[in-house]
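Report on the structure given below.
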Amino acid sequence: MLSRLFRTPLTWIALTVLAAGSAFGLYWFQPWKLLTDAEVSERLTTVATPANSAAPTGSAVPTGSAAPASPDAPAATLVSSGDFVSHEHDTSGSARIVRTADGRHRLELVGLNTSNGPDLRVWLTDQPVIEGRDGWHVFDDGRWVELGRLKGNRGDQGYAIPDDVKLTDLTSVSIWCKRFAVSFGAATLG
């Protein structure tokens with residue numbers, strides 16, 4: 001009976017459709033990413049603080065590092081920062097925009113911890129961060145600038161902000177899943 005079933009064209013059509021559907025589902029959802037992490041440990045910009053204005057500034061060293069700097073070296077400054085809230089996936093860490101000593105701007109994700117996923121991007125947006133399920137889909141409703149693919153779902157990482165981007169209009173950052181049009185997590189930059 002089983003050998004007769006595999007001789008019919010309808011069985012082979014059904015098996016072909018099932019195999020194609022399974023391959024597409026694996027490609028689209030990438031379920032293995034739920035079980036893997038991509039850790040990044042980039043050097044972050046040291047930012048001068050008012051209480052420690054003689055601290056090393058303008059260098060690309062991790063926050064809290066003590067590297068010698070000349071007293072008249074130009075300082076990197078903190079433009080804005082905020083902590084991540086969870087949306088589609090648990091997300092923690094913080095985001096900050098730093099103006100480097102050469103006058104350029106850079107978004108830095110500090111201690112990011114979120115789920116790995118397909119097609120994750122880093123977006124600066126003009127939309128408010130709304131906690132909970134209501135905030136999952138708002139970031140593509142307004143103006144946004146994509147800074148690139150998320151380098152890793154864990155750790156410290158930085159992204160150059162193009163010179164023509166007006167930061168006054170962009171008040172939040174989202175870890176955006178482009179494939180499913182949903183935010184994994186976001187932070188208000190204030």
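The values are calculated or read from the model by the stated rules, or taken from the named source; none is laboratory data. Remember, predicted model here, so these are calculated numbers, not experimental data. We work out accessible area using only protein heavy atoms, side chains counted, and drop any ligands, DNA or RNA first. Shrake-Rupley method; radii C 1.70, N 1.55, O 1.52, S 1.80 Å.
Taking all protein chains in place and a 1.4 Å probe, what share, in percent, of the accessible surface of the range 79-177 do carbon and sulfur account for?
42 percent
Which whole number in µm²/s is D for the range 94-143 by Stokes-Einstein, with the Kirkwood Rh taken over Cα pairs at 4 °C and 1.567 mPa s?
It diffuses with D of about 98 µm²/s by this estimate.
Classify the range 103-190 from the C-alpha gyration tensor, please: rounded if a/c falls under 1.5, else prolate or oblate depending on whether a/b exceeds b/c.
Oblate, since a/c reaches 1.5 and b/c is not below a/b.
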